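The values are calculated or read from the model by the stated rules, or taken from the named source; none is laboratory data. These numbers were taken from a predicted model, which means no experiment stands behind them. Neighbour counts run over all protein chains shown; Cβ positions are idealised from the backbone, glycine included.
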Amino acid sequence: MNAYYINSITTKFLIPLKEYVDYAEYYDQLHDITYDISFYLEYAKQTGEPVLELACGTGRVVIPIAEAGIRIHGLDLSENMRAGGLNNSTTLLG
């Protein structure tokens, strides 16, 4: 069985997961976005703990929420994305 990633901009294209995994090394460079973090942080505070972020990627949202002291779990199918998130979270792990 093949796994596919649905393009978040349009559902016209299904990208084979292998291509998505290879994309992990460029994810942080191409998604240097922070304007939405305050929205997710406030929503996490309103809904309570624990928070679950599916498709957490390299931790762009999950890390700031954890740094705010909110218990959060991130899941991602891509091992490369999870590795990037672990690398990005070294400040949390000490």
*Give the residues of region 50-94 that are part of a helix (DSSP H, G or I) and under 20 Å from TYR35 (Cα atoms), sorted by residue number.*
VAL62, ILE63, PRO64, ILE65, ALA66, GLU67, GLY85, ASN88
*Residues being more than 15 Å from the chain's Cα centre (by Cα), closer than 21 Å to TYR27 by Cα and not polar (S, T, N, Q): count how many of those fall in region 40-94.*
1
*Give the residues of region 22-43 that are modelled with pLDDT under 95, in a helix (DSSP H, G or I) and more than 19 Å from SER89 (Cα to Cα), sorted by residue number.*
ASP22
_Condition check: surrounded by fewer than 17 Cβ atoms within 10 Å (Cβ to Cβ), at pLDDT 85 or above and in contact with a strand residue (DSSP E or B) (Cβ under 7 Å, 6 or more places away or on another chain). Does LEU54 satisfy that?_
yes
